[in-house]
1. So what is the diffusion coefficient of the protein assembly as shown in µm² per second by Stokes-Einstein at 20 °C and 1.002 mPa s, using a Kirkwood Rh over Cα pairs?
2. Relative contact order (percent) for chain A, with alpha-carbon contacts under 8 angstrom and 6 or more residues of separation?
3. Between A:ILE2 and A:GLU96, how high is the FRET efficiency from 1/(1 + (r/R0)^6) when r is the Cβ-Cβ distance and R₀ = 41 Å? Nearest 0.05.
4. Need the C-alpha centroid separation for the range B:40-91 versus the range A:1-77, integer Å.
5. Largest first and in whole Å, give the semi-axes of the range B:3-90's equivalent ellipsoid, each being the square root of 5 times a Cα gyration tensor eigenvalue.
6. Using a simple charge model, +1 on the beta-carbon of Lys and Arg, -1 on the beta-carbon of Asp and Glu, nothing else, what dipole does the protein assembly as shown show about its Cα centre, in debye to the nearest 20?
7. How many partner chain Cβ atoms sit within 10 Å of a residue's Cβ in peptide A:61-67, on average, as a whole number?
8. Full extension from B:LEU75 to B:ALA10: what is 0.36 nm times the residue separation minus their Cα-Cα distance, to one decimal in nm?
Amino acid sequence: MIEILSGIFLLLGTLFILLSAIGILKMPDLYTRMSATTKASTLGIGLVLIGTGIYWQDFGIASRAVAIIVFLFLTAPVAAHIIGRAAYFNKVPLCEKTKTDELGDRRDT
Amino acid sequence: MSFIEWAVQASVFIIGLSILIIFLRLVIGPGIEDRIVALDLLSANAIAFIAVYSIQKNTTTFLDVGIIVALLAFLGTVAFGYYLGRRQKHD
């Protein structure tokens with residue numbers, strides 16, 4: 001029973017990881033690519049680690065898995081924000097379908 | 001072959017496939033920012049691969065490696081972002 005639950009978590013997380021990989025290949029510009037990788041990949045890795053933690057049924061393993069999950073959930077938005085801010089001020093081009101670019105030409109000042 | 005063995009085999013295969021796809025973006029990425037994002041995602045996928053691999057090989061030692069990889073990936077991404085910001089200031 002536990003093994004079936006763990007396998008379902010593993011497959012679900014793997015699906016989200018595959019979706020994030022497809023997203024980083026197919027999305028039109030850097031910012032949408034970063035959106036796909038940050039959110040989908042964090043969710044996928046969290047699900048895979050939950051599956052690993054409940055497969056072993058051991059407190060040490062579960063605490064390690066929870067530590068990795070908490071660390072990833074804390075650091076993934078910070079890293080994405082740093083890269084996105086540096087890219088935006090380095091004038092990495094936006095997708096042509098972008099509706100609002102609030103700074104626009106004023107991003108130098 | 002039980003369900004968990006099948007699930008672990010499929011997970012190893014699909015995570016390896018997505019690592020290949022991300023490596024393609026790492027090669028063709030137009031700018032340096034795309035390559036940094038691809039490297040970040042590669043290290044995140046390495047964590048998931050380590051977790052699945054520890055079930056497949058029936059050892060639990062690899063999860064410590066996952067913690068170290070998560071720490072180093074965050075440090076590397078922050079350092080790259082810091083130097084990108086400084087490059088814009090000096091132009």
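1. 122 µm²/s
2. Value for chain A: 29 percent.
3. My answer for the efficiency is 0.25.
4. The distance from the Cα centre of the range B:40-91 to that of the range A:1-77 comes to 13 Å.
5. 31, 16, 5
6. Numbers: 16 positive and 14 negative charges, 87 e Å.
Using only the charged Cβ atoms, the result is roughly 420 debye.
7. Working: counts 4, 0, 1, 6, 4, 0, 4.
The mean count of partner-chain Cβ atoms within 10 Å per residue comes to 3.
8. Length gained, B:LEU75 through B:ALA10: 20.3 nm.
Each value in this text was obtained by applying a stated rule to the coordinates, not by laboratory testing. Just so we're clear, the structure is a prediction, and the values are computed from it rather than from any experiment. Neighbour counts are summed over all protein chains in view; Cβ atoms, including those assigned to glycine, are modelled from backbone coordinates with ideal geometry.
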